[in-house]
Amino acid sequence: SYIHTFIKGSDKIYFNSFSLKWICQTDNNDERISSDFYEKKSIQYAESALNQIQIAVTTKCDLRCIYCQLYQNRPKSMENMSMATAREILEHHRNIFQTGTIILTGGEPLLNWEVTSLFLSKANGRKIIFTNALLLDEAKIDFCQANNVFIIVSSDGNLDCNNYSRKSVNGTNVADIIHRKIKLLKYKDVAFGISLVLNNGNYYQLNNSEWLLEEYSPMSLGINLPHYTIDYSWNYDESRLIAEFLKVLYISIDKGVFIDPIARYISPIVHQKFKLHDCSSCGRKLVYYPNGKESNCILQHIFTNGNEVDIWKNRSTLHSEECEACYAIGVCGGGCIFDGNRFYGEGKFDKRRCGIVKAIVKEFLFIAARMHSGNKSEDLIACYSSLINNPIN
């Protein structure tokens, strides 16, 4: 159940879903398969170590995006984090602020710039801020650049896509403003990426991702499935969505650019290392809300009363009988645990991702087989490093 065979034309690929090794046979290459290829690699399960903190410095925002995981899930209050709370977090997590990853989100974190700038100036590890860019100006950009901050701007594609999904509080279009702000980031040669959320207005035209790369030259591009919301209404054609993701796979390879989730789904194959978790909420991340309360997931807190930081630390496809025979078991890592629980029931994984992950795995194996006579991990790493190495690191 862990040795899988894929055939395309004259190519036949054998894939071990636990060791993530593969062998390709063609009409001109009848490579002999050694017995050790068939070994079911023993996966050493280890709990993830806490190495990042996500801080929602505010739950306020100047946009009302149609898929917003915050507003659409009806939070009880909208508030800013105080300086006193921010200093308590800094004091309590000195080590992570020195060597780990700090992620600042909201709401819109630029609405609470006093606290946002404090965190960014005090952290010495990786520093990331997610913003809709409306309040970005040269002073804030210069500050981020001076403090080695990686800026991720939310943009759902071209101007029409943004006007469809991202609206101001009073319902007016903001695409032109976002466009100008991203152009400013490009002009000032700042380290930044773009993150888009799939929705009914853009999922069937993911070639827009190529437009984003050519228009703005971001260092990274994120393509995200919408999270569960109370009024979730993403009506998508799965076969068309999968086809669009395969287009993005080729865009990533052709342009040599880091695109998440392409990177996260081919990286385990390149490194030949079984991925235990896809979701950082399974033990790697701690989340703080504006009132100082903790959680493991920015979404989970809205639906629970406690601070259940460790509740998902053992959630992995490795422990799932349902996933055991899937050839992508060592690649997908289970996706977003919150979405799996909400869409499919407690303890389940997010099945919306299954077809996408499997299609990318199979297609990439054939791509790699055509480009490489061997399947040594070091050769694959050398070839695909620009695709899998997150520029934030």
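Quick look at the numbers
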| read-out | value |
| --- | --- |
| The range 274-325: mean projected area of Cα convex hull, nm² | 4.2 |
| The chain - share of DSSP beta bridges that are antiparallel (%, nearest 5) | 35 |
| Share of carbon and sulfur in the accessible heavy-atom surface of the chain [1.4 Å probe, %] | 46 |
| Relative contact order computed over the range 1-132 (Cα-Cα under 8 Å; 6+ residues apart), in percent | 21 |
| The chain - mean residue ellipticity at 222 nm from DSSP helices (-39,500 (n - 2.57) per run, n ≥ 4, rounded to 500) | -10500 deg cm²/dmol |
| Net charge dipole size for the range 267-393 [Lys, Arg +1 and Asp, Glu -1 on Cβ; Debye, nearest 20] | 200 |
| Per residue accessible area of the range 11-115, 1.4 Å probe, in Å² | 52 |
| Whole-Hz couplings from phi, Karplus 6.51/-1.76/1.60, listed for the range 172-177; x for Gly and Pro | 7, 6, 10, 4, 4, 5 |
| ³J(HN,Hα) computed for each position of the range 184-189 - Karplus, 6.51 cos²θ - 1.76 cosθ + 1.60, integer Hz, glycine/proline x | 5, 4, 5, 4, 8, 6 |
| Solution diffusion estimate, µm²/s, Stokes-Einstein, the range 31-135, Kirkwood Rh from C-alpha pairs, 10 °C, viscosity 1.306 mPa s | 97 |
| Relative contact order (percent, whole number), the range 140-244, Cα cutoff 8 Å, 6+ residue spacing | 29 |
| Estimated distance in nm for a label pair at D254 and N200, the labels positioned 7 Å out from Cα along Cα-to-Cβ | 3.0 |
| Sorted peptide list for 138-144, 183-189, criterion being average Cβ within 10 angstrom, highest first | 138-144, 183-189 |
| Viscosity 0.890 mPa s, temperature 25 °C, Stokes-Einstein D of the range 218-351 from Kirkwood C-alpha radius, µm²/s | 149 |
| Mean Cβ neighbour count within 10 Å, used as a protection proxy, ranking 58-65, 192-199 highest first | 192-199, 58-65 |
| Sparse-neighbour loop sites [chymotrypsin sites (Phe, Trp or Tyr not before Pro); the range 8-105; at most 13 other C-beta within 10 Å; DSSP] | Y45 |
| Crossing angle, helix 238-255 versus the chain [Cα axis fit, 0-90 degrees, rounded to tens] | 90 |
| Lysines whose Cα lies under 24 Å from that of K285, excluding same-chain neighbours fewer than 8 positions away | K60, K76, K122, K127, K273, K275, K293, K313, K348, K351 |
| Rg over Rh, two decimals, the range 291-393 (C-alpha only, Kirkwood Rh) | 1.07 |
| Cα lying deepest toward the dipole's positive end in the range 69-215, options Q72, V174, T101, charges on Cβ | T101 |
| Whole-number percent relative contact order across the chain, with pairs defined as alpha carbons under 8 Å at least 6 apart | 19 |
| Percent of Cα-Cα distances greater than 18 Å, calculated over the range 69-212 | 60 |
| Net lengthening on full extension, W234/K247 (0.36 nm per residue, minus Cα-Cα) | 2.6 nm |
| For the range 193-202, Karplus couplings with θ = phi - 60° (6.51, -1.76, 1.60), whole Hz, Gly/Pro x | x, 10, 10, 10, 10, 6, 7, 4, x, 9 |
| Amide H partners (placed H, <5 Å) of Q54, local residues excluded | I103, L286, V287, Y288 |
| Coarse-grained scattering of the range 20-88 at q = 0.14, 0.26 Å⁻¹, given as base-10 log I(q)/I(0) from a Debye sum over alpha-carbon atoms | -0.71, -1.18 |
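The values are calculated or read from the model by the stated rules, or taken from the named source; none is laboratory data. This structure is a prediction, so every number in the text was calculated from the model and none was measured. Glycine gets a Cβ as well: all are built from the backbone with ideal geometry, and neighbour counts include every protein chain shown. The area values use the complete protein model at the heavy-atom level, side chains included, leaving out ligands, DNA and RNA. Shrake-Rupley method; radii C 1.70, N 1.55, O 1.52, S 1.80 Å.
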